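Written below as structure tokens is the structure these notes are about.
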Amino acid sequence: MSTVIVGIGNRDRADDGAGPALVDRLAAAGLAGVTLAVAPGDMLSVLDLLDGASMAILVDAMKAGLEAGAVRRLDVSSSPLKGELNAFASTHLIGLGDAIELARTLGRLPPRVILYGVEARDFTQGRGLSGPVQAALPELERQIREDCACTKPH
Amino acid sequence: MVEQRTIKVDYMARVEGEGALDILIEDQAVKDVKLRIFEPPRFFEAFLRGRGFMEAPDITARICGICPVAYQMSAVHAMEGACGVKVDGPLRALRRLLYCGEWIESHVLHIYMLHAPDFLGKHSVVELAAQHPEIVRRGLRLKKAGNEIVALLGGREIHPINVRVGGFYRIPTPGEFATLAEKLKAARDDALATVAWVKGFEFPDFEQDYEFVSLSHPTEYPFNEGRIVSSRGLNIDARDYHDHFAEEHVPHSTALHCRLKARGHYKVGPLARYALNYDLLAPRARQAAQDAGLGRVCRNPFQSIVVRAVETVHALEEALRILERAERPEKPFVEVRPRAGRGLAATEAPRGMLHHTYELDEQGRITFAQIIPPTSQNQATIEADLRRFIAPRLHLPDDQLRWQCEQAVRNYDPCISCSTHFLKLNVERR
């Protein structure tokens, strides 16, 4: 059984880098038996990352009108993203929602797919997460480790 | 009483960037068409000023996630021109190879994911995949072939980092090239099948008498190099671009419209390249065009999907030709020493000619930059297409008219982020 964790976003657009930053944390702390990847732009590339995995965890920044740093966990294994969460927000033509549904239609979606959305405050140019998004990462990491049934190495 | 009808497309789907289309119909006649681009200005030209000439390919690559190679190539050629250096031989061939990768990625994305759903009455590629999964799988495989080229030679698939003024930072190994060639050979049938698929679509009966503009090279279908020529006799060096073309601001767009000073709007992109360079297509691509029933010139913008498919075959053939003959350059780059000067260059981005102008001081710092992307060159022509296209279709209900207008805009594969320096459709009937 293999798990892939994909951090989606552009590190050079402030909080859009939340997904990649989370992947960095997991890589630094070590996480055995899990493939870590970053998808900075082309959502079609996410399809290739899902191939052969039994579980995928996708982490992306979102704008859902919540408080900055708020985290939402969505199980999209058997049902598509709800309309309002699937608003077109990609400059690369195929949004994440479409990429997930394309994978599902083509039989390339792993049996279990969890999507974490982190409410962003700031999408301006430049590196670095806003305080609330940075502060949300430890708890997000804990939840993802729980999903993977993984623990930090002793 | 004046009868007015307004059709609005507030955000156009399946185009790159943010824009809108406003159409005003008054007394059963098209009164006004405005392609409004409201993607915020991005100020790339301003923040290039003061940066080193070596930084231009990496900065301009960030203008677009779909055609970064085009930006890099126009930038390096302009810089080398300013510094009096000509990059030739194997390095030049590898630049063409990288460009082939971008054309394949970009054309296949547009054909399968963005444009084909229009012709098949689908709202998205997800709907298309539900009915024709094997076709969409083929598209994804083919796009991946392009990704492989860009990833190998560009260092990564998006925003490549391996291009430098004078050449590359690293040249892949012969083994890596051999593996790439095998993957591209496997993609050939998919490319030919794509032409056979799209040629069968139903195309609106619509032709325009365009002035086509593209690069033209004596022996090559153009990517990096050539004179700027048109179907009405223009034939100039890329350095003389500003003598013949002018950018103008229009109130409804954050993108500048570009016009030929002598004759007004013109068309760049696949149809232009194809019409002006037909004889230089790879034999297999030319045969595919003939089999698809395309003549030497195609004036129906809706058939641009077929021409893109033909160009995809060409790009694969050209990539394989380069790989078969690949000589490894002695050094990954030619040393380029800065000097004060002006550099101008044009290359063929997937959606059309892309012109860069730079001025450098003696340390090689950029003191002036001007970037003219294909979409801003095509914007006035898109509006002209729509004016003529809509007139005989005014009897259509708004939602159908809206769909067909969006499709007419998508013929251009517009890249609004690039040109903003995009789309929502509003049709007003009075």
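Read-outs throughout are calculated quantities, based only on the coordinates presented, and are distinct from any laboratory measurement. This structure is a prediction, so every number in the text was calculated from the model and none was measured. Please note: Cβ atoms are built from the backbone with ideal geometry, for glycine as well, and neighbour counts cover all protein chains shown.
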| query | Per residue of B:135-141, how many C-beta atoms from partner chains lie within 10 Å of its own C-beta, taken as a mean? | reply | 2
| note | Gyration tensor (Cα only) of region A:3-148 to equivalent ellipsoid, semi-axes in Å sorted down, yields 21, 18, 14
| said: With a cut-off of 8 Å between alpha carbons and a minimum separation of six or more residues, what is the relative contact order of chain A in percent? | reply: 34
| message | Using amide H atoms built in the peptide plane, which far-off residues or other-chain residues are under 5 Å from B:F245 H to H? | response | B:K261
| message | If you take each beta carbon of peptide B:154-163 and count the beta carbons of other chains within 10 angstrom, what is the mean? | response | 2
| said: Quick check on packing: order B:347-354, B:394-401, A:49-56, B:159-166 by the mean number of other C-beta atoms within 10 Å, highest mean leading. | reply: B:347-354, B:159-166, A:49-56, B:394-401
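If you average 1/r across every pair of different Cα atoms in the protein assembly as shown and take the reciprocal, what Kirkwood value do you get, in Å? Working shown, then result.
Values: mean 1/r = 0.0405 Å⁻¹.
With all distinct Cα pairs of the protein assembly as shown included, I get 24.7 Å.
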| task | Report the relative contact order of region B:165-242, percent, no decimals, based on alpha-carbon pairs under 8 angstrom and at least 6 residues apart. | result | 15
| Pairs B:K122/B:K143; B:K143/B:K267; B:K143/B:K199; B:K183/B:K331; B:K34/B:K86: which are spaced more than 31 Å apart, C-alpha to C-alpha? | B:K34/B:K86
| task | Report the Stokes-Einstein translational diffusion coefficient (µm² s⁻¹, integer) for chain B, Rh taken as the Kirkwood radius over Cα pairs, at 4 °C with viscosity 1.567 mPa s. | result | 59
